[in-house]
2 protein chains.
Amino acid sequence: MIIDIHGHYTTEPQALHTFRDKQLAGLADSARKPGSTDLGISDEVLVKSVEPQLKFQKERGGDLTIFSPRAGGMAHHVGTEAVSIEWTTICNDLIHRICTLLPDSFVSVGQLPQFPGVSPKNCIPELERIVTKLGFVGVNLNPDPSGGYWTDPPLIDRHWYPIYEKLCELEVPAMIHVSSSCNPNFHHTGAHYINGDTTAFMQLIQGNLFKDFPTLKFVIPHGGGAVPFHWGRYRGLAQDMKRPPLTEYLLKNVFFDTCVYHLPGIELLTKVIPVDNILFASEMVGAVKGIDPQTGHYYDDTKRYVDQVKNLGEKDLHKIFEGNARRVYPRLDKLLAKRGR
Amino acid sequence: MIIDIHGHYTTEPQALHTFRDKQLAGLADSARKPGSTDLGISDEVLVKSVEPQLKFQKERGGDLTIFSPRAGGMAHHVGTEAVSIEWTTICNDLIHRICTLLPDSFVSVGQLPQFPGVSPKNCIPELERIVTKLGFVGVNLNPDPSGGYWTDPPLIDRHWYPIYEKLCELEVPAMIHVSSSCNPNFHHTGAHYINGDTTAFMQLIQGNLFKDFPTLKFVIPHGGGAVPFHWGRYRGLAQDMKRPPLTEYLLKNVFFDTCVYHLPGIELLTKVIPVDNILFASEMVGAVKGIDPQTGHYYDDTKRYVDQVKNLGEKDLHKIFEGNARRVYPRLDKLLAKRGR
């Protein structure tokens, strides 16, 4: 079974964008506020909207995508905390509907109603709702709700502890995923995403978060940002800081996905990061939409790269494509077991 | 000849730190300002201070290091523009003295008196001084003078054009190198440096800077941050943005160094980045000081990694170790030619 742990709903119906425009226009002119949070999107429209994902899933040999709202769309820095809460509820509800309509193809992961400067504690009600009532198996946690100015405390700060406590209690992993950037220095998918990944990993080296939360699990997307390419640097920095080897110190709790869009990158990832810490993912339809002229295949068809890596045995591939996902997302495993998969 | 294009003066005498303390203390209490910018450091003390670098250079088979002030020490965000100017002059003068005392081992690269929110135009007098009067062959340009809040415009903005004009006129390349971070989210050598590299490269994809400055040359250090690991992502993003292939669009002007501290990273770098765009560097004595227990050698002994890469022929190695440096730093080439090297 091939599980893609990183898919976003990037093909939303126009009605969602129209709602968002009205919601944000309402900040400036309350007369423009949307009258209702009912978007009037039919089941048929929802199913139709994810046809691109289903087509790629089938063509590329995938079975199941862990599906969450568009990462760039979370935009936690926009508006007010109330706006973030309303928007998050709507986005999560759409994901829930899609995953209920197409349970063989999609499993839900949610966004959180974060807002810069506000305690992540305030996200707990929505986290509990989507996990316990709607059956979500994970969440995306934004390490920079400011959208590129990094004004909230680092992930190792006690500021974040309330949400970690709840994640552990619910047995839900978090993908550490920034949203869009309102800082003109950071292109969102080309700089902010990758920097967010690199930054989060380095914060984890600095702190000792997993001493306090031994069962907390983080997935760092986009192959871990710059981390595997600079694995010697990170091993060396940890050593200079008198930390234990990274495999012991962080890799019981930290996992990387395979959203790296060329074979040499995937080869490096699988060479330096233990196979138990790599989860298959493509983030399609996402950051890079084209076909690589060097291969004739889509850049984000990452399964092809993983399949081409030499020295990965059958057991390794099973871990990357399915086993690790079921271990890191225990609620996914239970869900699949219940369905006989 | 082995040229290491990335060395910082990280072993400064105590007198420099004492001066800096007084200089910054003077911001709060003018009575504490240093009485003079003469630090009273003798030539003997200066030569002694770079013994660690000379020892490593010899042991590792290096011949020449392109040497600049400590990158983290530039700290452009600290104090006032006047503080930055005074501090920069002092740091550059020390580099000049060292390179004059030890001309066979070190060639000078300077820092610029940048300050957040201030036009880089103000750096031109110091740039002219160090290049035309002191014989410096390059400069470090900080893309984020705010020290981790990224409040100045991106590198492709006209804000930066005056300094680019002067760099072109003087035939001097810039290494795009951030300084220390005052943002607690960014560990300086583990996150801010690498993010700075990644961010700069993505900015260059977004703009079309080298159309306006066809002879401008940038070195992106630390192996280009996350860029080579995500080379497929960057090729794909450029393609989605209707840019020409990156080799044509950027690689006539952008170069990467080899400050990547493990063999798999260097293997990836040399696999995806054309050999004409890779310059040997180690950044010793720098970010990572320890010995890698997996190899028994220093992490930052990057020559060992380059030497181990298969498929690099003699001509390739000559380019990486010497030829590219002489091409990217034309003033270095002239200097060496004059000295018969």
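Highest GNM mean-square fluctuation among A:Ala287, A:Ala15, A:Ala75, for chain A modelled with Cα contacts below 10 Å: A:Ala15.
At a Cα cut-off below 18 Å, give the aspartates and glutamates reachable from A:Lys319, other chains included and same-chain residues fewer than 8 away excluded. Cα-Cα hits under 18 Å: A:Asp4, A:Asp63, A:Asp257, A:Glu267, A:Asp276, A:Asp307, A:Asp333. In this structure the amide hydrogen of A:Phe106, modeled in the peptide plane, comes within under 5 Å of the amide hydrogens of A:Thr65, none closer than 5 places in sequence on its chain. The A and B chains share an interface that buries close to 4600 Å² of accessible area, total over both sides, probe 1.4 Å.
If I compute solvent accessible area with a 1.4 Å probe over the protein chains, what percent of it on region A:167-216 is carbon and sulfur? Before the final figure, lay out the partial values.
Working: 620 of 1250 Å².
Carbon and sulfur: 50 percent of the exposed surface of region A:167-216.
Answer with one residue from A:Tyr299, B:Leu134, A:Ser108: the one whose Cα lies farthest towards the positive end of the charge dipole of the protein assembly as shown, charges on Cβ with Lys, Arg +1 and Asp, Glu -1. With unit charges placed on the Cβ atoms, the residue in question is A:Tyr299. With the biggest extent put first, the Cα atoms of region A:3-338 measure 59, 44, 43 Å across the principal axes. For B:Gly296, inter-copy separations between label points set 7 Å beyond Cα along the Cβ vector come to 4.8 nm, shortest first.
How high is the relative contact order of chain B? Use alpha-carbon pairs under 8 Å, at least six apart in sequence, and give a whole percent.
Working: 584 pairs, mean separation 57.7, N = 341.
After rounding, I find 17 percent.
Can you pick out the pairs among B:Lys121/B:Lys289; B:Lys217/B:Lys334; A:Lys289/A:Lys315; A:Lys58/A:Lys310 whose Cα atoms lie more than 27 Å from each other? Exceeds cut-off: B:Lys121/B:Lys289; A:Lys289/A:Lys315. Counting from the shortest, the label point at B:Gly40, 7 Å from Cα toward Cβ, is 8.2 nm from the same position in each remaining copy.
Shielding by partners for B:258-269, please: the mean number of other protein chain Cβ atoms within 10 Å of each residue's Cβ. If you can, show how the numbers build up before the last one.
Values: counts 0, 2, 6, 8, 12, 3, 9, 10, 2, 4, 10, 3.
For peptide B:258-269, the averaged partner shielding equals 6.
Taking the label point 7 Å along Cα→Cβ, A:Arg158 and its counterparts in the other copies are spaced 5.1 nm apart, in ascending order. The GNM of chain B, with springs linking C-alpha atoms under 10 angstrom apart, assigns the highest mean-square fluctuation among B:Leu112, B:Leu237, B:Leu204 to B:Leu237.
Nearest-5 percent of antiparallel DSSP beta bridges in region A:3-338? Don't skip to the end; give the middle numbers.
Numbers: 2 of 22 bridges.
So the antiparallel bridges amount to about 10 percent of the total.
Bridging of B:Lys211 to lysines at a Cα separation below 19 Å is possible for B:Lys166, B:Lys242, B:Lys252, once same-chain residues fewer than 8 apart are set aside.
May I ask you to work out the translational diffusion coefficient for the protein assembly as shown at 10 °C, viscosity 1.306 mPa s, via Stokes-Einstein with Rh from the Kirkwood sum over Cα pairs, reported in whole µm²/s? Walk me through the intermediate numbers first.
On the way: Rh = 26.1 Å.
Once the numbers are plugged in, D ends up at 61 µm²/s.
Of B:Pro293, B:Pro264, B:Pro143, which is the most mobile in a GNM of chain B whose springs link Cα atoms less than 10 angstrom apart? So, out of B:Pro293, B:Pro264, B:Pro143, the one fluctuating most is B:Pro293. The helix-only estimate of mean residue ellipticity at 222 nm for chain A, built from DSSP H runs of length n ≥ 4 each weighted as -39500 (n - 2.57), is -11500 deg cm²/dmol after division by the residue total.
Work out the length of the dipole vector of the protein assembly as shown about its Cα centre, built from +1 on the beta-carbon of each Lys and Arg and -1 on the beta-carbon of each Asp and Glu, and round it to the nearest 20 debye.
Numbers: 72 positive and 76 negative charges, 124 e Å.
It works out to roughly 600 debye.
The values are calculated or read from the model by the stated rules, or taken from the named source; none is laboratory data. Quick caveat: nothing in here was measured; it's all calculated off a predicted structure. Positions of Cβ are generated from backbone atoms using ideal geometry, with glycine treated the same way; all protein chains shown enter the neighbour counts. Please note that ligands, DNA and RNA were not included when accessible areas were found on the heavy atoms of the full protein model with its side chains. Shrake-Rupley method; radii C 1.70, N 1.55, O 1.52, S 1.80 Å.
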